[in-house]
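Any read-out appearing in this document is the output of simple, stated calculations on the displayed coordinates, not a laboratory observation. All values reported here derive from a predicted model rather than from experimental measurement. Here the Cβ positions follow ideal geometry from the backbone for every residue, glycine too, while neighbour counts run over all protein chains shown.
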Amino acid sequence: MKNVRMHFDAMRGWICDVPQSLSPMELNRVIAFTIKAQTDRVRSMPAGDRKQQGKLAIEILKTKGWACVQQNIISQFKGDEKVLFQR
């Protein structure tokens with residue numbers, strides 16, 4: 001799965017930018033990788049509000065799984081990051 005970017009927004013929750021819609025099985029693999037990568041990142045942060053927000057975001061992703069992830073289908077053309085469809 002190339003060109004998949006996952007990020008957290010306080011208002012919308014977890015957002016996955018993808019060139020085409022992912023199946024639940026593919027999305028679970030992306031979530032597993034994101035949890036691993038973000039957990040390592042949050043552990044290395046200094047104590048503070050950002051670390052607490054990161055822990056909370058990871059906990060949301062762990063408990064709700066792909067039900068809390070919004071997929072943004074973005075344009076595949078280089079330099080054009082327009083959202084075509086939200087799932």
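Numbers for the structure displayed
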quantity	calculated
Contact order relative to length of segment 5-86, as percent, for alpha carbon pairs under 8 angstrom and 6 or more apart	36
Amide H contacts under 5 Å for Trp14, placed H, 5+ residues apart	Asp9, Gln70
Charged-residue dipole, Cβ positions (Lys, Arg, Asp, Glu), the chain about Cα centre, Debye nearest 20	200
Label corresponding to log10 I(q)/I(0) by the Debye sum over Cα atoms at q = 0.12, 0.20, 0.27 Å⁻¹ when calculated from the structure given, among (i) -0.38, -0.90, -1.54; (ii) -0.69, -1.03, -1.30; (iii) -0.38, -0.93, -1.37	(iii)
³J(HN,Hα) computed for each position of segment 27-37 - Karplus, 6.51 cos²θ - 1.76 cosθ + 1.60, integer Hz, glycine/proline x	5, 5, 5, 5, 5, 4, 5, 5, 4, 5, 5
With Cα atoms, 0 to 90° folded angle of helix 49-64 axis to the chain main axis	60
Estimated distance in nm for a label pair at Lys36 and Ala67, the labels positioned 7 Å out from Cα along Cα-to-Cβ	2.5
Listed residues Asp49, Asp40, Asp17, most fluctuating in the chain (Gaussian network, C-alpha, under 10 Å)	Asp49
Förster-model FRET efficiency, 35 Å R0, Leu56 and Met25, C-beta, rounded to 0.05	0.85
Signed unit charges on C-beta, dipole axis of segment 5-86, positive-most listed residue Gln52, Trp14, Ile74	Gln52
